[in-house]
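The values are calculated or read from the model by the stated rules, or taken from the named source; none is laboratory data. What you see is a predicted model, and the numbers here were worked out from it, not measured in a lab. Cβ atoms come from the backbone with ideal geometry, glycine included; neighbour counts cover every protein chain shown. We work out accessible area using only protein heavy atoms, side chains counted, and drop any ligands, DNA or RNA first. Shrake-Rupley method; radii C 1.70, N 1.55, O 1.52, S 1.80 Å.
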Amino acid sequence: MVKKIKQLFCDHRKVVHYRTDLVRQDDGSWKTVHKWRCKKCGKVIGNETT
């Protein structure tokens, strides 16, 4: 519970690279999606800009 509260109030300023995924798009091409992890609270943040 403390971890969730910590993630809720964290501003996620310091992030490190967590992983990179290849995602197939509707037209058959591939798109690279990066995931980032906050150093302070540990939350994984993706770049979902679709």
- With respect to THR50, determine if the residue is modelled with pLDDT of 85 or more, of a type in the set (Ser, Thr, Tyr) and open to solvent by 60 Å² or more (accessible area, probe 1.4 Å). no
- Query: With respect to LYS6, is the statement that it is of a type in the set (Lys, Arg) and touching a helix residue (DSSP H, G or I) at 6+ places or on another chain (Cβ under 7 Å) true?
  - Reply: no
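Considering each residue of segment 1-42, count those that are part of a strand (DSSP E or B), touching a residue at least 24 places away in the same chain (Cβ under 8 Å) and open to solvent by 80 Å² or more (accessible area, probe 1.4 Å), and give that number.
Count: 1.
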